[in-house]
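The values are calculated or read from the model by the stated rules, or taken from the named source; none is laboratory data. What you are looking at is a predicted structure, and each value in this text was computed from that prediction instead of being measured. For neighbour counting, all protein chains shown are included, and Cβ atoms are generated from backbone atoms with ideal geometry for every residue, glycine included.
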Amino acid sequence: MSRSASRAGRNARAKPGAIAVQARHEGWALVQAHPVFGHVAAEVDRYADSDARHVAEKGWAAISPQGTLWAHASRQASAGEWARMFGILLACLGFGLVRRQEPRELWEIASFLVADRFCDELRLGTLPTALHYPEHPLPAGGAEGLLRQFCVDGCPPALRAWHGQLAQGGALFCELDAAPPSWRKPVNWRERLADGIAQGVGRALAVASGADGPGAGPVTRAGRARRRLIDHYPLLGALAASFDLDEDPRSCQRYEVQVAAIDVGIRRIWMNPAAPLDDDECLFVFAHELLHAGLNHASRRQGRDALLWNIACDFAINGWLVDMRIGVPPAMGLLHDAGLAGQSAEEIYDRLATDMRRARKLATLRGPGAPDLIGSDEGSIFVDAETYCRRALAQGFERFTTVAGRSTVPAGLAEEIRSLSQPPIPWDVRLAHWFDERFPPPERRRSYARPSRRQSATPDIPRPSTVRPDEESRASRVFGVVLDTSGSMDAAILGKALGSIASYALAREVAAVRLVCCDAAAYDIGWVEPERLLERFRVQGRGGTVLQPGFDCLRELAARGAFPRAGPILVITDGECESKLATAMDHAYLLPQGRRLPFRAQGEVFHVA
């Protein structure tokens, strides 16, 4: 073989390795140039793990808490795939997830899923095809919440198998117990990532969504409105950059959009180019649609009339935008009433519901009779897209107050943003508080009539013994249950509600429960011990739903002294009942998630998940 042929053979053999190194360097360059991750990448030490000391032979990469990142030396991947892998590990580092947490395998799975979702929101690179994992919803609480879910409910076997393919017997987080080198200055990785988010998230999302950069096309009025929100309004900047903008007249005609509409699930805003709006009016309309998304109006509907709920939200939003002077209200007309200032969308809805025929004649930005909130409402608390929008609005509010030095956001809007930033209290916790208020722990008293057992050791020293509450006190610890047994009631909801009631009643030493079943009539089951509610027993009814006879039955029992006049009542129903209910007794309602009562409830309402 000639020397030239031998040299050509060696070059051909070396080419795949050179390509792998070049792709890895290009992927790292993409991360360094990213507005969010660049701050973290600048402090990270990166090495190629050629001797497979930290990265398994078939693994991808690993990172230590001190900020040292090792990448597989010969892994074949594109620059975009390497950028996603590097971004995931840097996100774990910035979120404080690179630490020892048991069980290690489940912790790494939870951390990877949370970090990958973050990188996907920023559209950084692409996840390698070999590492595509089964879809799994992320609960509230980030990686810690997902780890708790895995420990309680178990980790899906498909995710465990996927982690084995990802780490190949190694670990994503390594050298967890190693001390940092003496020459290295400690780095606060959380602050580095927070600085990157604060300074670059708006720009990064604008570039990723095509709103900026080469090839973006001519800037329209809606495009200029989005650019103004990103540059000058920190409150809505991140939200504005994360939504796709559709100004196609054919799309607006298909969805019957006269001015604007939004679909949070697919992150798209429709702006009709034919609408008579100038730049300031377009800015107002764009901000209006973004507040629908950030305040989670779609999922907060909770079974209310879709059009009436949309109109109530419009009144609330437009009042806040006018107060903040974001743009100019459209001259073509707007849902705004100064008399509704300071009221939430729920309060406005209750007022509009008193005259539904008149309220339905009002028009949203989409047009008369059509909500500008497009998309299905499945009754869930929050979908993933709404979780992101809620978080983006909360971060924008924090950034806005930091930059401005003081908040100029209306008090009602600031209160809603803060309340949505807190996870909702589970229905069973609220129900437990309801029981605690009505059934405080029985008072334990001591009596010398029954000597303590310790007195036998020292008979000269009298000691009282704890006595149980008297029968009169025990008889007052009862409550009533009005159970909707109509044909529309779901058996699973009945079982879950009765089980929770029985558990709380036993924990609080409730003596008995007066059970009344209701369909078209009332059936007095009598006194039932709380533990019997946990058993299977036959309910009467399964016809239509009328709840008033159930309250009338308990009121008659109270008049005869067979039920305490101040005894609390729990009503378990699906909401498909009469439109008016009259009672002065202390009561609360348990409804399935997404259902509403056809009247304004006087007592508390718990939605069973």
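Here's the yes/no breakdown for (1) loosely packed, with under 15 Cβ neighbours inside 10 Å; (2) closer than 17 Å to His587 by Cα; (3) touching a Phe, Trp or Tyr at 6+ places or on another chain (Cβ under 8 Å); (4) modelled with pLDDT of 80 or more:
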residue	(1), (2), (3), (4)
Tyr523	no, no, no, yes
Trp527	yes, no, no, yes
Val539	no, no, no, no
Gly544	no, no, no, no
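Output the residue which, of all residues in segment 36-46 that are in contact with a strand residue (DSSP E or B) (Cβ under 6 Å, 6 or more places away or on another chain) and not in a loop (DSSP other than H, G, I, E, B), is surrounded by the fewest Cβ atoms within 10 Å (Cβ to Cβ).
To start, the set of residues in segment 36-46 that are in contact with a strand residue (DSSP E or B) (Cβ under 6 Å, 6 or more places away or on another chain) comprises 44-46.
Remaining after also requiring not in a loop (DSSP other than H, G, I, E, B): 45-46.
Numbers: Asp45: 12, Arg46: 18.
Ranking the qualifying residues of segment 36-46, first place goes to Asp45.
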- [ ] Could you tell me whether Arg100 is within 30 Å of Asp244 (Cβ to Cβ), among the basic types (Lys, Arg) and touching an Asp or Glu at 6+ places or on another chain (Cβ under 9 Å)?
- [x] no
TODO: Select from segment 550-585 the residues that are in contact with a helix residue (DSSP H, G or I) (Cβ under 8 Å, 6 or more places away or on another chain), of a type in the set (Asp, Glu) and either modelled with pLDDT of 90 or more or surrounded by fewer than 14 Cβ atoms within 10 Å (Cβ to Cβ) (or both) and list them in ascending order.
DONE: Glu578
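Identify the residue in segment 260-279 that is in a loop (DSSP other than H, G, I, E, B), closer than 26 Å to Phe397 by Cβ and touching a helix residue (DSSP H, G or I) at 6+ places or on another chain (Cβ under 7 Å) and, among all such residues, is modelled with the lowest pLDDT.
Gly265
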Open item on the list: All but one of (1) assigned to a loop (DSSP other than H, G, I, E, B); (2) at pLDDT below 65 hold for Ile461; state the number of the condition that does not hold.
Closed with: (2)
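Yes or no: segment 500-511 includes at least one residue that is within 24 Å of Cys577 (Cα to Cα), at pLDDT 75 or above and in a helix (DSSP H, G or I).
Our first condition is that a residue be within 24 Å of Cys577 (Cα to Cα); within segment 500-511, this holds for 500-501.
Next, from what is left, pick out any that are at pLDDT 75 or above: 500-501.
Add one more test, that the residue is in a helix (DSSP H, G or I), and what stays is 500-501.
Yes.
Residue check: is Ala316 under 21 Å from Ala394 (Cβ atoms) and either touching a residue at least 12 places away in the same chain (Cβ under 8 Å) or touching a Gly at 6+ places or on another chain (Cβ under 7 Å) (or both)?
Numbers: under 21 Å from Ala394 (Cβ atoms): yes; either touching a residue at least 12 places away in the same chain (Cβ under 8 Å) or touching a Gly at 6+ places or on another chain (Cβ under 7 Å) (or both): yes.
For Ala316, the condition - under 21 Å from Ala394 (Cβ atoms) and either touching a residue at least 12 places away in the same chain (Cβ under 8 Å) or touching a Gly at 6+ places or on another chain (Cβ under 7 Å) (or both) - is met.
Only one residue in Ala178, Ala161 is in a helix (DSSP H, G or I), surrounded by fewer than 18 Cβ atoms within 10 Å (Cβ to Cβ), more than 25 Å from the chain's Cα centre (by Cα) and modelled with pLDDT under 85. Which one? Walk me through it before giving the result.
Numbers: Ala178 fails: in a helix (DSSP H, G or I).
Matching residue, one of Ala178, Ala161: Ala161.
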TODO: Inspect segment 132-146 for any residue being touching a helix residue (DSSP H, G or I) at 6+ places or on another chain (Cβ under 6 Å) and over 25 Å from Arg391 (Cα atoms) and give the result as yes or no.
DONE: no
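A quick yes/no check of all residues on (1) modelled with pLDDT under 85; (2) surrounded by 12 or more Cβ atoms within 10 Å (Cβ to Cβ); (3) charged (D, E, K, R); (4) not in a strand (DSSP E or B):
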{"site": "Gly9", "(1), (2), (3), (4)": "yes, no, no, yes"}
{"site": "Ala12", "(1), (2), (3), (4)": "yes, no, no, yes"}
{"site": "Arg24", "(1), (2), (3), (4)": "no, yes, yes, yes"}
{"site": "Gly27", "(1), (2), (3), (4)": "no, yes, no, yes"}
{"site": "Ala48", "(1), (2), (3), (4)": "no, yes, no, no"}
{"site": "Gly80", "(1), (2), (3), (4)": "no, yes, no, yes"}
{"site": "Phe86", "(1), (2), (3), (4)": "no, yes, no, yes"}
{"site": "Leu93", "(1), (2), (3), (4)": "no, yes, no, yes"}
{"site": "Val98", "(1), (2), (3), (4)": "no, yes, no, yes"}
Open item on the list: Anything in segment 319-333 that is more than 27 Å from the chain's Cα centre (by Cα), buried (at least 21 other Cβ atoms within 10 Å of the Cβ) and free of Cβ contacts under 8 Å to residues at least 60 places away in the same chain? List them, or say none.
Closed with: none
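Considering only segment 366-412, state which residues are at pLDDT 70 or above and either outside the structural domain of Ser242 (by TED's automatic domain parsing) or of a type in the set (Asp, Glu) (or both).
Residues of segment 366-412 at pLDDT 70 or above: 366-375, 385-401, 408-412.
Matches in segment 366-412: Asp372, Glu386, Glu398.
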Open item on the list: All but one of (1) at pLDDT 65 or above; (2) of a type in the set (A, V, I, L, M, F, W, C); (3) in a helix (DSSP H, G or I); (4) under 30 Å from Thr68 (Cβ atoms) hold for Val201; state the number of the condition that does not hold.
Closed with: (1)
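Quick one: how many residues across segment 87-99 are of a type outside the set (Val, Ile, Thr) and under 17 Å from His163 (Cα atoms)?
3
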Task: Members of segment 50-78 found to be within 22 Å of Trp189 (Cα to Cα), not β-branched (Val, Ile, Thr) and not in a loop (DSSP other than H, G, I, E, B), listed by number - done: Ala61, Ala62, Leu69, Trp70, Ala71
